[in-house]
Structures are given as structure tokens and as C-alpha cells.
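These notes concern the structure reproduced below.
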Amino acid sequence: FFAYLSFERPLLQIIAKMENEGVEVDVKKLKELSGEFSDKIAALTTEIHEIAGEEFNIASTQQLAKILFEKLELKSSKKSKKTGAYSTKSSVLEDLEFEGHVIARKILEFRKFSKLKNTYSDALPEEINPETGRIHSRFSTTSTVTGRFNSSNPNLQNIPIRSLEGQKIRQSFVAKENHFFISADYSQIELRVIAHVAKIDNLIQAFKDGKDIHRITASQVMGIKEEEVDDTMRSKAKAINFGIIYGISAFGLAKQLNIPRQEASLYIKSYLAAYPGIENFMKDSIDYARKHGYVKTLSGRKCFTHEINNKNGMVRAEAERLSINA
């Protein structure tokens, strides 16, 4: 109830204003991007067909699986639970790409450009309200377990930011005359929160002193002095910092950093040894969720984890990860 009175109810008026205000998009720029994406999709289609040695529907999971796992005889142990057919989901293709298969990388690119075109450059102009000339997305704080914002009709939260093409989509959103956009973000908010809830004194002190957290982590995990940490090491430490608190596995970290799994496993062990409070917090969160069926945020919001005692190990592990995240 405290969370509702303190956060949820006061936020309703702001959400209403956001929805009514809407946002303007540059339709001409979006049309240009659609043409650019179409050219890229056509080129990738040709390249994929050449590697496969025949033409097929790349968007068809059945035809794609047949090409990858029967004709090209690539190895994968992941199959659909419903049909028993080989899976062609992104994680499978990423594993194949990691193993050096060019066709997997090309298919991932094909899917990326297809999504950008179908979901954004083609679709966004159709969402413009004819009366206001603006897009009016809907926002909700009750559609997710943790209470974070959810955007729908259309979803404006999932537009990629790291890729050049995603940035071009974002640039098509324009401020009205005599106005401008402001971009604001918390600095390392996840690490600050876990330092607080897990009571990690050395991390808390580092934040208070304004130190470079990723450099400190690199120093502790890699067993070197802070001044010896270079940019590559700091970049690895950043991936470790954010990856481990979200439950990344040794395999996932190895793939992200492009390092051997054994090395990634050592990084994770060294990290948890350097910050023992994090592992204790994770275990306590899972134990609490198993006992009560939910965990609580700092504001007292209950986040239910219904599958925490599921007999299926994969389902249970996902619920455990969600309980920590929440």
C-alpha cells in the first residue's frame, strides 16, 4: 500500500500527460530507412542462399532448420518441446555464430533488418493519429512483475540503441518547434542498488568516493593493481559486473567476452569471492521466494515468482533469476 500511495498513484497523472502528448516522427526519414533496410535484406538473402546452395524461405523456421541441421549438418542439441524439431531461435544461431558459422551470422543480420523494417520503419507511420499527427503510445506500471514501465501500441521501449540502424530509427523521432529532447540515465543504478541491498561495504564506499567501479572490479577479479587496468580489462569487468548480478552463466559470459568458458568461470568465482555479500543476497532472495512465493522490492512491492518450486530445472532456474532481479 505504501508503494501505491508513494509511487503508483502520483505517477498516474504523469503517465496520462505522456500518453496525451505523444511524440512526432519524421515519416520521410522512416520511408528512406525502409528502402535502406529492404536493400540490406535482399543482399543478405542472396548471400544466405549462396552459402546454403539453394533458395529457400529464410523466415520459415522449418525450411531454415532443414538447411542448417540436415543439409549443412550443423550441430545443435536444442529442439522444440512441442514438435521435436530443431530450434532456430536466436540463442541457437548465436551459439552457431560463436562456433564460426558464417551463415548463422548472416541469418541473425537478416532477422535484425527484417524486424527493424517490419516493426519500426514500416509500422510507425501507420501508428500516427490523424488528428494530432503524433504517435500516442500507452504506458503501464502494472504489466510487468517488477513494476517497470511497459510501452504498447506501439512499443517504443525496445528500439535498439547499440546498432547504427537502431540509432537511425531513434533519430526519426523529432521534437516539436522550439522544443528539444533530453536524454537522462542513472549512473550504474543496478550496481548501486545491489551494493545497498547486499550490504557490500567496499562497493558502497567506492561509490561514495566517486571511484571507477569497473576498474576496481577488474583489479580485484584479475588480481592486479588499479593503475595497471587497461581499457580492455575494464570493458571485461563491466560485462562481469552487470552480467553476474543478472545471473549470467559461465557459458554466457564466455560468449559475451569471446573468451574460453574456463576463464569466464574463474572470473565469476573471483568476483563472488571479492564481493561475498552478492552471493549471500542471491541465495537469501531465492530462499525467501521459495518460502513465500514472492520477493519484495525496496518500496515493498511484491513480485510473485510462481515457478520457483517447479520440478523442471530450467523453469525453476529462470524463476530463481527473476526473484534476484526483482
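Which percent of the accessible heavy-atom area of region 22-102 goes to carbon and sulfur, probe 1.4 angstrom? Could you put the intermediate results ahead of the total?
Working: 2380 of 5010 Å².
Ligands and nucleic acids excluded, carbon and sulfur reach 47 percent.
For the Cα trace of region 93-142, dividing Rg by the Kirkwood Rh returns an Rg/Rh value of 1.27. For a straight C-alpha distance cut-off of 16 angstrom, the lysines reachable from K112 (same-chain residues fewer than eight places away being disregarded) are K40, K89, K168.
Based on the Cβ-Cβ distance of S270 and T132, what FRET efficiency does E = 1/(1 + (r/R0)^6) give at R0 = 56 Å, to the nearest 0.05?
On the way: r = 55 Å, r/R0 = 0.98.
According to the calculation, E is roughly 0.55.
Along the positive direction of the dipole of region 1-101 (beta-carbon charges: Lys, Arg +1; Asp, Glu -1; about the Cα centre), which of H101, L64, F2 reaches farthest? Going by the Cα projections, it comes out as F2. Apply the a/c threshold of 1.5 to the C-alpha gyration tensor of region 283-326 and tell me whether it is rounded, prolate or oblate. Prolate shape, in that a/c is at least 1.5 and a/b is the bigger ratio. Surface composition of region 112-240: carbon and sulfur atoms hold 47% of the protein heavy-atom accessible area at a 1.4 Å probe.
Take the chain with all the other protein chains still there, run a 1.4 Å probe, and you get 62 Å² of accessible area per residue.
Report the net charge of residues surrounding E228, where surrounding means a beta-carbon distance below 13 angstrom and charges are Lys +1, Arg +1, Asp -1, Glu -1. Here the charged neighbours net out to -1.
Label sites at T141 and S183, each approximated as a point 7 angstrom past Cα along Cα to Cβ, lie 2.6 nm apart.
Can you list the DSSP H helices in the chain whose Cα atoms extend at least 27 Å along the helix axis and whose mean Kyte-Doolittle hydropathy is -0.5 or higher? It would help to have the intermediate numbers written out before the result.
On the way: long enough: 27-52 (37 Å, -0.09).
Qualifying helices: 27-52.
Could you work out the relative contact order of the chain, using alpha carbon pairs under 8 angstrom and six or more residues apart, expressed as a whole percent?
For the chain, the relative contact order is 14 percent.
Taking a ≥ b ≥ c as the square roots of the eigenvalues of the alpha-carbon gyration tensor, region 163-223 is classed prolate because a/c is 1.5 or more and a/b outweighs b/c. Of the chymotrypsin sites (Phe, Trp or Tyr not before Pro) found in region 117-192, the ones in coil according to DSSP and having at most 12 other Cβ atoms within 10 Å of their Cβ are F180, F181, Y186. Within the straight-line cut-off of under 27 Å between alpha carbons, the lysines reachable from K199 are K208, K211, K225, K236, K238, K269, K283, K291, K296, K302, sequence neighbours fewer than 8 places apart in one chain being disregarded.
In terms of its alpha-carbon gyration tensor, the chain comes out oblate; a/c meets the 1.5 threshold, while b/c is at least as large as a/b.
Mind checking region 154-253 for GluC sites (Glu not before Pro) that DSSP puts in a loop (not H, G, I, E or B) and that have at most 16 other Cβ atoms within 10 Å? Provide the component values of the computation, followed by the final result.
Working: sites: E165, E177, E190, E226, E227, E228; in loops: E177.
Of the GluC sites (Glu not before Pro), the ones in loops of region 154-253 whose Cβ has at most 16 other Cβ atoms within 10 Å are E177.
Diagonalising the gyration tensor over the Cα atoms of region 190-318 and scaling each eigenvalue by 5 before taking the square root yields semi-axes of 28, 19, 10 Å, largest first. Put a dot 7 Å past the Cα of I51, heading toward its Cβ, do the same for T297, and the two dots end up 4.1 nm apart.
The values are calculated or read from the model by the stated rules, or taken from the named source; none is laboratory data. Being a predicted model, the structure only gives us computed values, none of them experimental. Counting neighbours? That spans all protein chains shown, and the Cβs are built from the backbone with ideal geometry, glycine included. All accessible areas refer to the heavy atoms of the entire protein, side chains included, with ligands and DNA or RNA removed. Shrake-Rupley method; radii C 1.70, N 1.55, O 1.52, S 1.80 Å.
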